[in-house]
Amino acid sequence: MSETGTPADQENEIALLCVPFAGAGPSFFHPWRELAAGRWRVATVDLPGREKRLLEEPYGSVVEAAKAEIDRVVAELGEGTRTILFGHSLGAVLAYELAHLLGRRNVPVERLVVSGSPGPWTQRERRAAGLSGDEFLARVEEFAGFRHEALDHPEMRELILPALHADCSMHEAYVPSTDDLVTVPVVSLRGDHDGLVTAEEARQWKDATTGTFTYVEFPGDHMYLVDHGEQILDVIAAQTVT
C-alpha cells in the first residue's frame, strides 16, 4: 500500500481506456485486450444505446455523455490508475472531454491518443444529422469509407440506427465544454487516405495541449484502425513512458 492508500500494483498498472466511434460498442476493442497483453489493461467506455446498454436512451451531447459517464469510467479504471485515453472520430472528442474530467477525479491521464479527428473546435462541413433512411446511411458510409454488414439486415439495422443517428448528431454539434487545454501529451493518428479528416486538421490537436504533440499516419482511409490495431498499440507503446 502506498502513502496515498492506493495499492502499489494499481499505482504501477497502466490502463488503456478506449472510447468507441459513432455507432460502435466496446466489443470493437475486445481483440485489443490480447494485443495489449503485458503492456496495459484495456478498458472501454460502454455507452447507452448499444450492446449491453442497448435499451437505454443514447446521449444527444458529447459533453453530457462525458459528465454522465464519468462515475462509471472512474469505477471501471479505479482511482489512482494511470490511464492512456484512446478515441477514434466521435471517440476522440469524447476522450478529450474525459481527459479534463478524469484529472479532477484522481485518475492520472498520461496521454491522449486521438484518431481520425480534426481539432476539438473544428466542426464537419458536410453532415449526416437531419438525413433519414438510405440517404442517412449513404452519408455515414461515405464518411466512414465502409458499410457495416449489420446494416444490411433489417432487424439489426433497426437496433443500430437509433444510436448511430444520436452519435452523428452529437458529434456534428460538438463544442468543447472548456477553453482550457489539456496538459498531457497528445498523439494524433490518421489514415493517409482519410477523405473525411485532412492531415492539416488532424495536426490541429497540437494546439489543444500544453504538452508534447506527435502525429502519425497509417495506410488506409477513415476506418484504417479496423486493420491496424496491433500497429496502433505499438505506436502508443513507443510514445509511453512506463
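Reported count of residues in region 171-182, each being among the acidic types (Asp, Glu) and without any contact (Cβ under 8 Å) to a residue 60 or more places away in the chain, is 2.
With respect to being in a helix (DSSP H, G or I) and in contact with a strand residue (DSSP E or B) (Cβ under 6 Å, 6 or more places away or on another chain), Arg203 fits the description.
When you check Gly220 against the structure, is it surrounded by 14 or more Cβ atoms within 10 Å (Cβ to Cβ), in contact (Cβ under 8 Å) with a residue 60 or more places away in the chain and either under 16 Å from the mean Cα position of the chain (by Cα) or under 15 Å from Gly116 (Cβ atoms) (or both), yes or no? No; evaluated as a whole, the condition is false for this residue. Taking the criterion of being touching an Asp or Glu at 6+ places or on another chain (Cβ under 6 Å) and under 18 Å from Phe86 (Cα atoms), the residues of region 163-193 that qualify are Arg190, Gly191.
Residues in region 183-203: is at least one free of Cβ contacts under 8 Å to residues at least 40 places away in the same chain, surrounded by 15 or more Cβ atoms within 10 Å (Cβ to Cβ) and within 21 Å of Thr122 (Cβ to Cβ)? Yes.
Does region 47-63 contain any residue that is at pLDDT 95 or above and either in contact with a strand residue (DSSP E or B) (Cβ under 8 Å, 6 or more places away or on another chain) or exposed (fewer than 15 other Cβ atoms within 10 Å of the Cβ) (or both)? Taking every residue of region 47-63 in turn, none turns out to be at pLDDT 95 or above and either in contact with a strand residue (DSSP E or B) (Cβ under 8 Å, 6 or more places away or on another chain) or exposed (fewer than 15 other Cβ atoms within 10 Å of the Cβ) (or both). Taken together, Leu137, Leu94 contain a single residue that is modelled with pLDDT of 90 or more, crowded, with 17+ Cβ neighbours inside 10 Å, of a type in the set (A, V, I, L, M) and not in a loop (DSSP other than H, G, I, E, B), which is Leu94.
The values are calculated or read from the model by the stated rules, or taken from the named source; none is laboratory data. Here the structure is a predicted model, which means the values were calculated and not measured. FYI the Cβ positions are ideal-geometry reconstructions off the backbone, even for glycines, and counts take in every protein chain you see.
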